[in-house]
Ligand code: G16
């Protein structure tokens, strides 16, 4: 026992915590500037090892990424054995470990945690880990590996990979050889599983025109080229923004977050994308997806997570009905406050819809309550979950007509095509492509399912974003006191107005969302609410974004 703590102490000394900094395990793990994360990575390595021991040696995942954030940021998140996000109770332990001021404090935090959580240190410990293409990745992974060493983790390096592949691997490793086997526990296994399902779904249909894929100059570029090899001529992908080693290129004027926030084409496609041509953007770790196209007049149109949810939910409802399973399988949709009001209206007229706070873990858990739960954040992060019982029903159901049999086989293929561990931009992209192929929809036809209310998302840099606290699935502020009443007062003055304010869990900003019936009004409302937030934070007027003046 004492040898264990001696080694922990010795290795911890190599990864001192920077003074005067507070870390928090937020919406997507720890995420901040890469150069201050060394101690956090070491300690996450230790925590991952302990989590595995606590779960009797089940494999835990660790992903080193800052996803949509700028290249100089990095981050780390833990993945639980079923491939989903770390159990919420352990997020608190992660934060405690990360904030222990000295090695002695850290070692005693570990000691008391081991005791209170009744962790048997003699149990085996297994972790699979990966990273995105950020230049800070290798050094941070080295710190993580020291954490593994301190605990005696049997570690498997998945190398440079996408977040969804890492989640897939965790589930595949933990279900290997069981009746719930999720697939072969390798990147090749993942590629074969998804692309075979896609090919089955589109068999006999005419291949759609090529799809332009903006890879955000991130790890998705490597994955897309591997996918293309497996997809053959079932679909032609045209990857752009694939410069994974060019300094400063990651997520810069490209990628799903840029497209969603700025409501513009990725800069490199301006003047190159043809009217009517379908295109989509991945984000830095390929877990978000945003579609877009230019109309005849060259005007930009975005098909975001809400539009994906509408397309997917309607398709599955139709298949379930045709398969003769109507009434036996209940679908539901989960959204967040960012969902466009028009999408919520469209979906709620057809299905049960739930609203939860931002963050995959909230959506994922809410979606698990349905037989088939479709969840998408407007920012393009989402997936579809088929409950165990539904998967069994689909596997065992005896169709009574050829039409039922075809629909049933499509549903079975969807279960294989969709990465059910987490939102997966490439799996979602193939899902969308399969549906568009079945429906013979162009981007424009898909877009016409409903008309988005004009909306605007603004970031405000404040002194302390933690001063902003919310309730009602982040739709209302409880602090700072009195600010919500001012927001309500503004909102009332705009036709179809809706706005909310929430602190980001991944960036050091407060986010403001607004929508209204007219574009100029949505913009004005967003900037005026952002002005209120800025004033409340007592910032220096010279730092006020110029749109607010
Ligand atoms: C992460 C989370 C998403 C969330 C997004 C923005 O995405 O996984 O659920 O919507 O951050 O969160 P926030 O508004 O709190 O900053 P990603 O793609 O960056 O990992």
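crowded, with 21+ Cβ neighbours inside 10 Å and part of a helix (DSSP H, G or I): is that true of residue 195 in this structure?
Yes: the conditions hold for residue 195.
Taking into account only those residues within the range 515-540 that are more than 23 Å from residue 69 (Cβ to Cβ) and touching a strand residue (DSSP E or B) at 6+ places or on another chain (Cβ under 6 Å), which is surrounded by the most Cβ atoms within 10 Å (Cβ to Cβ)?
Filtering first and then ranking leaves 525.
Can you tell me which residue among 238, 127 is in contact with a strand residue (DSSP E or B) (Cβ under 9 Å, 6 or more places away or on another chain) and either in the same structural domain as residue 98 (by TED's automatic domain parsing) or closer than 30 Å to residue 8 by Cα (or both)?
The conditions single out 127.
Does residue 218 count as within 16 Å of the ligand (Cβ to nearest atom), within 21 Å of residue 430 (Cβ to Cβ) and assigned to a loop (DSSP other than H, G, I, E, B)?
Criteria met by residue 218.
What strands (runs of 3 or more DSSP E), lying completely within the range 242-323, carry at least 2 residues that are within 16 Å of the ligand (Cβ to nearest atom), outside the structural domain of residue 396 (by TED's automatic domain parsing) and buried (at least 16 other Cβ atoms within 10 Å of the Cβ)?
279-282, 289-294
If residue 85 satisfies all but one of (1) touching a residue at least 12 places away in the same chain (Cβ under 8 Å); (2) farther than 24 Å from residue 288 by Cα, what's the number of the condition it fails?
Of everything listed in (1) touching a residue at least 12 places away in the same chain (Cβ under 8 Å); (2) farther than 24 Å from residue 288 by Cα, residue 85 misses just condition (2).
So, residue 264, is that one without any contact (Cβ under 8 Å) to a residue 60 or more places away in the chain and either under 19 Å from residue 338 (Cα atoms) or under 20 Å from the mean Cα position of the chain (by Cα) (or both) or not?
yes
Filter the range 128-140 for residues that are outside any loop (DSSP other than H, G, I, E, B) and under 21 Å from the mean Cα position of the chain (by Cα) and give the result.
Matches in the range 128-140: 128, 129, 130, 131, 137.
Name every residue in the range 324-344 that is in a loop (DSSP other than H, G, I, E, B), within 30 Å of residue 396 (Cβ to Cβ) and in contact (Cβ under 8 Å) with a residue 24 or more places away in the chain, in order of residue number.
Correct list: 324, 325, 328, 329, 330.
Please go through the range 344-367 and give me each residue that is more than 16 Å from the ligand (Cβ to nearest atom) and either under 25 Å from residue 283 (Cα atoms) or touching a strand residue (DSSP E or B) at 6+ places or on another chain (Cβ under 8 Å) (or both), ordered by number.
344, 347, 351, 352, 353
Testing residue 242 on (1) out of contact with any helix residue (DSSP H, G or I) (no Cβ under 7 Å at 6 or more places or on another chain); (2) over 25 Å from residue 421 (Cα atoms), one condition comes back false. Which one is that?
Unmet condition: (1).
Scan the range 450-464 and give yes if some residue there is under 30 Å from residue 416 (Cβ atoms) and either in contact with a strand residue (DSSP E or B) (Cβ under 7 Å, 6 or more places away or on another chain) or crowded, with 16+ Cβ neighbours inside 10 Å (or both), otherwise no.
Yes.
Of the numbered conditions (1) in contact (Cβ under 8 Å) with a residue 40 or more places away in the chain; (2) within 29 Å of residue 226 (Cα to Cα); (3) within 16 Å of the ligand (Cβ to nearest atom); (4) touching a helix residue (DSSP H, G or I) at 6+ places or on another chain (Cβ under 8 Å), residue 385 satisfies every one except a single condition; which is it?
Evaluating residue 385 over (1) in contact (Cβ under 8 Å) with a residue 40 or more places away in the chain; (2) within 29 Å of residue 226 (Cα to Cα); (3) within 16 Å of the ligand (Cβ to nearest atom); (4) touching a helix residue (DSSP H, G or I) at 6+ places or on another chain (Cβ under 8 Å) leaves (1) as the failure.
Here is a list of conditions, (1) on the phi < 0 side of the Ramachandran plot; (2) surrounded by fewer than 21 Cβ atoms within 10 Å (Cβ to Cβ); (3) not assigned by TED's automatic domain parsing to the domain that holds residue 260, and residue 207 meets all of them except one; can you say which number that is?
Result: residue 207 passes all but (3).
Can you name the strands (runs of 3 or more DSSP E) wholly within the range 419-530 that have at least 1 residues being within 16 Å of the ligand (Cβ to nearest atom) and in contact with a helix residue (DSSP H, G or I) (Cβ under 8 Å, 6 or more places away or on another chain)?
Filter on the range 419-530 gives 455-460, 476-479, 498-503, 510-515.
Give the residues of the range 56-88 that are modelled with pLDDT of 95 or more and over 17 Å from residue 170 (Cβ atoms), sorted by residue number.
If the condition is that a residue be modelled with pLDDT of 95 or more and over 17 Å from residue 170 (Cβ atoms), then 66, 67, 68, 69, 70, 71, 72, 73, 74, 75 are the ones that fit.
Within the range 334-343, can you find the residues that are more than 16 Å from the ligand (Cβ to nearest atom) and touching a strand residue (DSSP E or B) at 6+ places or on another chain (Cβ under 7 Å)?
341 - this is the single residue of the range 334-343 that is more than 16 Å from the ligand (Cβ to nearest atom) and touching a strand residue (DSSP E or B) at 6+ places or on another chain (Cβ under 7 Å).
What's the number of the only condition in (1) buried (at least 22 other Cβ atoms within 10 Å of the Cβ); (2) within 16 Å of the ligand (Cβ to nearest atom); (3) within 28 Å of residue 180 (Cα to Cα) that residue 372 fails to meet?
(2)
The values are calculated or read from the model by the stated rules, or taken from the named source; none is laboratory data. Here the structure is a predicted model, which means the values were calculated and not measured. Note that we place each Cβ from the backbone using ideal geometry, even for glycine, and neighbour counts take in every protein chain shown.
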